[in-house]
Amino acid sequence: MPEPAPQLRQTRRSLPIALLRAREQVMGPIRDMLAQSGVSEQKWRVLRVVQEKGPLELSQIAEEACLLLSSLTRMIGPMVAEGLITRTTPPEDRRKTVVAISPQGEALIRAHAADSAAIFARMEAEFGEARLEQLLDLLEALQRLDLRGSRQG
């Protein structure tokens, strides 16, 4: 007789679904903010990463901005054309592409800085500063799990 299938959690207590719902709640006001300048959330993440970390190679940006490398590669050309970033090829390794934020990209981030800070302040006020910091710590710990590693059983 076959073993019964394991019982799945209800979707309201499913971690993947809960994370998606929370993401949508958090990203709604950010998407509204970015709509004013016509910048996608993916482009915003790229700009924020290269502003914070400085010039980076594409694979580093993809990892830091939570983008597939293929998606990032498709975004780079239009972002250069829009004047948001610059792209260079190091002479010592012509296979690499290094991306940096441009003055126009910096200006875009500055233009949204107050709204972004206000969104975060509202989140912090409604959710609680300590709870938000705890949530961020827990999410960082969750990211360090090796869930694709060896299976038990």
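The values are calculated or read from the model by the stated rules, or taken from the named source; none is laboratory data. Note that the structure is a prediction, hence the values are computed from the model and not measured. Heads up, the Cβs are rebuilt from the backbone with ideal geometry, glycines too, and the neighbour counts pull from every protein chain shown. Keep in mind that these areas ignore ligands, DNA and RNA; they rest on the heavy atoms of the full protein, side chains included. Shrake-Rupley method; radii C 1.70, N 1.55, O 1.52, S 1.80 Å.
Annotations
- Leading residue by the ranking (farthest from E52 (Cα to Cα)) among those in the range 77-124 that are polar (S, T, N, Q) and without any contact (Cβ under 8 Å) to a residue 40 or more places away in the chain: T89
- Residues in the range 1-15 that are among the polar types (S, T, N, Q) and open to solvent by 100 Å² or more (accessible area, probe 1.4 Å): Q7, Q10.
- Filtered residues of the range 108-153 (kept if in a loop (DSSP other than H, G, I, E, B) and open to solvent by 60 Å² or more (accessible area, probe 1.4 Å)): R144, L145, D146, L147, R148, S150, R151, Q152, G153
- L72 falls short on exactly one of the conditions (1) open to solvent by 40 Å² or more (accessible area, probe 1.4 Å); (2) in a helix (DSSP H, G or I), and that condition is (1).
- Inspection of the range 58-66 finds no residue satisfying the criterion of being in a helix (DSSP H, G or I), farther than 21 Å from A113 by Cα and more than 17 Å from the chain's Cα centre (by Cα).
- A Cβ distance below 7 Å, combined with a sequence gap of six or more or placement on separate chains, defines the contacts here; from the range 9-36, residues that are touching a residue at least 40 places away in the same chain (Cβ under 8 Å) reach residues that are acidic (D, E) in the pairs I30/E41; M33/D115; L34/E41.
- Residues being surrounded by 15 or more Cβ atoms within 10 Å (Cβ to Cβ), of a type in the set (A, V, I, L, M) and closer than 17 Å to A118 by Cα - total across the range 16-49: 3
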